[in-house]
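The structure under discussion appears below in the form of structure tokens.
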Amino acid sequence: MKIINEMTLKFKAISINESFARACVAAFCIQAEPSLDEITDIKTSVSEAVTNCVVHAYPQKGGEGEIKIIVQLYENSVLIWVSDKGIGIENYEKVREPFFTTKPEQERSGMGFTVMESFMDYIDVYENENKGVTVKLEKFFKAKKNFAVGGANV
């Protein structure tokens, strides 16, 4: 598969940036002409991934952490990596269970990974080499006939 376009986004791990990340990723993906449902799925999943970073990755830093998103567009799909350099995850299997939360005192639902898994075609979560966590999201688009890149039809 050939990458049609790619972007990288970095921002502070503060909750107001969740909507910023969601909007940026959605706007970038528009060039692939996804359906409204596909864009909504992507926005919801990015929101969940970023919120997980804000809430769980940097509990002692008060927004001093960083979140990085890489988006790669392909002709009929998008790959999105949402990464942090925070404290990591103790049990990768457990966090994917519905209703599991490490912050029950904050009335968290524990449905973040369940939501991402229901809206995306593929999801994986893994520990970064140095520190933190990366969530990999993939969404396949319905086949498009004229994928426009730089004003030219491909």
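The values are calculated or read from the model by the stated rules, or taken from the named source; none is laboratory data. Given the structure is predicted, the values throughout are model-derived calculations rather than measurements. Heads up, the Cβs are rebuilt from the backbone with ideal geometry, glycines too, and the neighbour counts pull from every protein chain shown.
Could you please find all residues in the stretch 1-39 being assigned to a helix (DSSP H, G or I), among the hydroxyl-bearing types (Ser, Thr, Tyr) and either crowded, with 17+ Cβ neighbours inside 10 Å or touching a residue at least 40 places away in the same chain (Cβ under 8 Å) (or both)? Lay out the reasoning, then the answer.
Here is the first cut: in the stretch 1-39, the ones assigned to a helix (DSSP H, G or I) are 17-32, 36-39.
After this cut, where a residue has to be among the hydroxyl-bearing types (Ser, Thr, Tyr) as well, the list is 19.
Passing the criteria: none in range.
Quick one: count up the residues across the stretch 112-130 that are closer than 21 Å to residue 86 by Cα and assigned to a loop (DSSP other than H, G, I, E, B).
First, the residues of the stretch 112-130 that are closer than 21 Å to residue 86 by Cα: 112-113, 116, 123-130.
Add one more test, that the residue is assigned to a loop (DSSP other than H, G, I, E, B), and what stays is 128-130.
Of the residues in that region, 3 qualify.
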Of the residues in the stretch 131-154, how many are surrounded by fewer than 17 Cβ atoms within 10 Å (Cβ to Cβ), modelled with pLDDT under 55 and in a loop (DSSP other than H, G, I, E, B)?
4
How many residues of the stretch 37-73 are modelled with pLDDT under 95, out of contact with any helix residue (DSSP H, G or I) (no Cβ under 7 Å at 6 or more places or on another chain) and among the aliphatic types (A, V, I, L, M)? The answer is 2
Within the stretch 40-84, how many residues are without any contact (Cβ under 8 Å) to a residue 24 or more places away in the chain and either of a type in the set (D, E, K, R) or closer than 17 Å to residue 6 by Cα (or both)?
1
Filter result for residue 13 (at pLDDT below 95, closer than 24 Å to residue 117 by Cβ and not acidic (Asp, Glu)):
yes
Checked the stretch 12-35 for anything over 14 Å from residue 46 (Cα atoms) and under 17 Å from the mean Cα position of the chain (by Cα); matches are 12, 14, 30, 34
